Amino acid sequence: MTDSAEDVLRTSISLSDLTSSSSISDKVFVHWGCELSAAQSVTVFEAEDDLLENQFFVKTICLSAEAADEMHVVSASDAAGGSRPVPIATLRHCMPMVSFPGLELIPPVTFKLCSGKGPVFISAQHIALNPTEITEEDEEDEGGFSTDVLTV
């Protein structure tokens, strides 16, 4: 049986569909990426649903092999830092990639290629948490007291 374009069922699932389903975990992980260049030097990541707790982790920023041998500077600004961009990566052919073990930014996040023509590639991970689902253990931790009794 051959599949034609009409036979293939294509569906898209929004982030809110995933998080409202009771059969799926209360965490949704989405990989995100973009390219910055002279043609598009600014890009913005915005979370789809403001009712969820959103975490955004930058993983790597790398320089394309086609990029000119010049200094490439990438800056970022997020909701926590206001609109003030901060340089987070300086790339050149002798150092074409920067990895971040735990750079967390609060959406919306704006990336800008401040220097150089690129292309520069950014890889990140977006995590959406459902804050309404609090377990009993979390409630005990928030109260500061535990009702568990230890018997010896």
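The values are calculated or read from the model by the stated rules, or taken from the named source; none is laboratory data. Here the structure is a predicted model, which means the values were calculated and not measured. Here Cβ is always computed from backbone atoms with ideal geometry, including for glycine, and neighbour counts include all displayed protein chains. Note: areas computed on protein heavy atoms with side chains; ligands, DNA, RNA excluded. Shrake-Rupley method; radii C 1.70, N 1.55, O 1.52, S 1.80 Å.
Filtered by the rule that a residue be under 15 Å from the mean Cα position of the chain (by Cα), assigned to a loop (DSSP other than H, G, I, E, B) and loosely packed, with under 11 Cβ neighbours inside 10 Å, the stretch 69-116 gives a lone residue, 80.
Of all residues in the stretch 40-68, those satisfying the criterion of being part of a strand (DSSP E or B) and at pLDDT 90 or above are 42, 43, 44, 45, 56, 57, 58, 59, 60, 61, 62, 63. Scan the stretch 119-129 and give yes if some residue there is in a loop (DSSP other than H, G, I, E, B) and open to solvent by 30 Å² or more (accessible area, probe 1.4 Å), otherwise no. The answer is no; no qualifying residue exists.
Every residue, every condition in (1) in contact with a Gly (Cβ under 7 Å, 6 or more places away or on another chain); (2) modelled with pLDDT of 95 or more, yes or no:
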{"position": "102", "(1), (2)": "no, no"}
{"position": "116", "(1), (2)": "no, yes"}
{"position": "123", "(1), (2)": "yes, yes"}
{"position": "129", "(1), (2)": "no, no"}
{"position": "135", "(1), (2)": "no, no"}
{"position": "150", "(1), (2)": "no, no"}
